[in-house]
Structures are given as structure tokens and as C-alpha cells.
Amino acid sequence: TENREKFRPEYHHTPAYGWMNDPNGMFYKDGTWHLYYQYNPYGSQWENMTWAHSTSPDLIHWQHQGEAIQPDALGTVFSGSCVVDKENTAGFGKDAVVAFYTSAGAAQTQSIAYSTDNGRTFKKYVDNPVITSDVPDFRDPNVFWHEETQQWILILAAGQQMNIYSSKNLKDWKYESSFGEGYGNHGGVWECPDLLKMGGKWVLVCNINPGGPFGGSATQYFVGSFDGHKFTCESKPEVTKWMDYGKDHYATVSFSNAPDGRIVVLPWMSNWQYANQVPTQQYRSANGLPRELGLFSYGGEDYVSVKPAPEVYAAFDKKPSGRLQAAAYLEVTGFRNNASIVLSNDKGEKVVMAYDGKNGTFSMDRNASGQADFNNDFKATTVAPTCGKVKTLQIFIDRCSIEAFDGEGRMAMTNLVFPSRPYDRITAKGCKVTVHALKK
Ligand code: FRU
């Protein structure tokens, strides 16, 4: 009912109960999308880090599978990744799912666990840890197969740079290089890297906390090349590129082994500034919508394009529905140079979105969006460059979140909101809004 868990999203992944942060170890295999996540089984604040597991046939409908990797003598289980070892390079078995995570104990070290039942249960590798260092913030290993040099590559966060390692067998790792000194934003610790091949280029994903454009956590990235040993950024060192211009998009990494060469990523939809205090009950935090990444050029630079995965649209009725509901998708078209979309309820709570075609910006103001007094950093207006004219906008509302995407993928903005009642009114100026309801 409305009173019980009024903020729990209807089409975003959430844990059944307890705390969740980063998505971990995501992979696709035999028609199933696997998502692990940073989980506290014993409470709704950050502690006791454990990997829990959910699965989905379509990236929208998720089933909880329980805990997958638990703390041991080396420490609690921090973020990491999985690969499907098709050629049995590690000797754990053909098609074994091999997980890499950070053991967070007296030191942060990298460990392996493997699964021979499609990611349901894991055994820890006996010779853990497999990578150690003196760097205090040394974590979030992300592994992929590098076709060109026929070896595995592991990238991890080491303070304010990313370290790259190579291996033939997933167990013995050789340090290759580091990237980051002097490049991009250094307002915080670098975390949760990913290295993605897109077209002929490579994109290094670098989550950073704090240092985000509106305070706290955010996702920056670098476009360049990777030769199996070293990542080279193609932009000037001072150029900073953000994947999302909201306050609640963090720890974004990709699914391994995704079908048809797709690059599908999933964010954690919160911000370390207030994640432990958001006013949800029973559980804390959701994932953002699954997104597909690509590249586009604008003003002499290459940028990552961000679009909702096609599976997201399939979850909504094609036929427009008249009323705005707590879970909805808004298709916005017919933009004039100055346009605004206001969502509101009869409590006077509202979110104001505005497009300025002359200056090429889109903004979202959540200062009067509802509950905001749980943390001083929550109230905010976020602003994004639109990299050209906006023709269409897709806006996804799900009880406590609003995600706005430019139709061509040139801008994404993800923000939490906690209205005391769902917004049920739309006031649109200088554009046309069509509402689509979630399929029942
Ligand atoms: C990012 C992060 C990771 C770490 C994990 C711990 O949000 O700080 O760097 O592995 O969360 O839960």
C-alpha cells in the first residue's frame, strides 16, 4: 500500500531489505543477466560488505538470489567484477564464472572466487590474495579479455590513479602501467574503474568520490587508446568529461560477456554525501536504469553517449496514458529554445526541469521536491551541457528517482527525489509531453 515503502521503485533493482551500494561482478550468460552488489545483510547502513546476487531475463525484472560471497579472514568483500572463463584458462573449469573482488581487511588486497554453477555459489581461491600493495585505497578490480594481445587485463583503483595488470591464467598478474596523474578531476579518490572498447577507441571509466560536478560522487571518463599495456588519453589533461550530470549516478560499470557486442552499464543511484540517510524504509538504495553506451563527437572532442537500454522501453505501454503515475516514462518532443517541464503534487512539492537552447543547457531543480532535510547536501539544481540542440527527451520517474536522457544520448541526468505524495501533475511549456505507464 501507499504507506508501506512508498519510495521503493517499481522498475529499478533494489535489495529486498538491508543496505546496497555499488553494482559488482555483472555478467550475462545463457539468457540471464547477473548482478551482484555491495550488501549489508544485517542493517540498512554501510557495513559488513558482502556480495549479494540478483538475476534477470530482461534487465528490468529482478529476482533476489541471496548472498554470494561473504567476508573471511582477509576482510570484508568490496567491489569487483566477474568474467566467464570460456577456455578454462584458470583451471577452475570450462565456463567457470570467476569473480575478482577487494578483500578489505588490515590492507586492501585483490582476491578471487569462482563458480561452477553459473554464479549461484562461489568457492574462494586458496592462494588469495592475488594482488597486494602498500597503497591504502587499492581496490575494485575489473577484468576483461583483450583480444588483440590474447591476455586478461585487470584495472583497479589505486588512490587517485588506475593501475593496469595482465595475466594469462587469471591468477598470476603482472603490473603493466598506471593512468591518471594530472588527468581529469582529482577532487576525490578514484574508484570502480572499467575499460571499454568502443568502435576503434577505448573508454576508461573512472568513478570519483568526492569531486562530482554538484558535490560528492560522480562518474568521469577518458577517451583514448589501449594497446594491452597502457591507456593513452586523447584529450588534453585538463579536460574532464562526466557520464551523468545528476547527483545520483555512481559506481557505474559494465556487464561482462553481454550479447551482440552491446555495452550495457548499471549505476548505483545514490551519492555518498547522503546515501546512509535517505528516507527509505527496510532497504537503502536502488540501481539506476540499465544504459547502453556509445561514442559521439562534438566540438572536436569524443564523448560517451548514454541511452536507456531497449529493455527499459519494453517495460512500458506503447499507447500513451493520460495520467502521471508514480512510475512513468515521459516522452518529450517539440522543443522550443526555452522549455520547461514541472512535475508537482497537491502538497506544493515540485521538480523543475528547464531547457535553454541558446546556451545549450538542461537543468533539474529538486530544491522543493519533497523531503530534503535528512542531509544538507541533498537540495540542489543540477545542470548539464546538451552538446547541441535537444530534439527529444526521455524522462523516467520511479517513485524516488528521475532520470532524464537526451534522445540522441548526448546528455544524461539522474537525481533522487522524495515527494511526500507522488507527483501527479505535469506543466509543460515550450515542449510537448506524452506519458507512458508501466505495463501491468
Ligand atoms: C565505491 C566504493 C568502492 C568500494 C566499495 C565499498 O562506492 O567505495 O571503492 O569497493 O564502495 O563498499
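The values are calculated or read from the model by the stated rules, or taken from the named source; none is laboratory data. Owing to the predicted nature of the structure, the values given are computational and were not obtained by experimental measurement. Don't worry about glycine lacking a Cβ; one is built from the backbone with ideal geometry, like all the others, and counts go over all protein chains shown. Calculation scope for accessible area: heavy atoms of the full protein, side chains included, ligands and nucleic acids excluded. Shrake-Rupley method; radii C 1.70, N 1.55, O 1.52, S 1.80 Å.
Assessment of region 194-206 against the conditions (within 16 Å of the ligand (Cβ to nearest atom), at pLDDT 95 or above, touching a Gly at 6+ places or on another chain (Cβ under 6 Å) and closer than 29 Å to G360 by Cβ) yields no matching residue. Among the residues of region 328-368, write down those that are under 25 Å from the mean Cα position of the chain (by Cα) and basic (K, R). Within region 328-368, R366 is the sole residue that qualifies.
Residues that are of a type outside the set (A, V, I, L, M, F, W, C) and either at pLDDT below 95 or assigned to a strand (DSSP E or B) (or both) within region 281-301 comprise Q281, Q282, Y283, R284, N287, R291, E292, G294, S297, Y298, E301, listed in sequence order. When T32, T50 are checked against the criterion of being touching a residue at least 12 places away in the same chain (Cβ under 8 Å) and within 12 Å of the ligand (Cβ to nearest atom), T50 stands alone in meeting it.
For (1) away from the ligand (no atom under 16 Å from the Cβ); (2) at pLDDT 95 or above; (3) in a strand (DSSP E or B), each residue gets a yes or a no:
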position: T76; (1), (2), (3): no, yes, yes
position: V83; (1), (2), (3): yes, yes, yes
position: A113; (1), (2), (3): no, yes, yes
position: D117; (1), (2), (3): yes, yes, no
position: T121; (1), (2), (3): yes, yes, no
position: D127; (1), (2), (3): yes, yes, no
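Table: residues versus (1) more than 19 Å from D244 (Cα to Cα); (2) open to solvent by 20 Å² or more (accessible area, probe 1.4 Å); (3) in contact (Cβ under 8 Å) with a residue 40 or more places away in the chain; (4) part of a loop (DSSP other than H, G, I, E, B).
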residue	(1), (2), (3), (4)
V265	no, no, yes, no
W272	no, yes, yes, yes
N276	yes, yes, yes, yes
Y303	no, yes, yes, no
R323	yes, yes, yes, yes
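Those strands (runs of 3 or more DSSP E) of region 372-419 in which 1 or more residues are among the small types (G, A, S) occupy 381-385, 401-406, 412-416. Can you pull out the residues in region 244-263 that are within 15 Å of the ligand (Cβ to nearest atom) and open to solvent by 10 Å² or more (accessible area, probe 1.4 Å)? Of everything in region 244-263, just one residue is within 15 Å of the ligand (Cβ to nearest atom) and open to solvent by 10 Å² or more (accessible area, probe 1.4 Å), namely V253. Scan region 305-321 for residues that are open to solvent by 70 Å² or more (accessible area, probe 1.4 Å) and not aromatic (F, W, Y) and jot them down. The answer is K307, P310, K318, K319, P320. In the set (1) more than 16 Å from the chain's Cα centre (by Cα); (2) crowded, with 23+ Cβ neighbours inside 10 Å; (3) of a type in the set (V, I, T), T280 fails one condition alone, (2).
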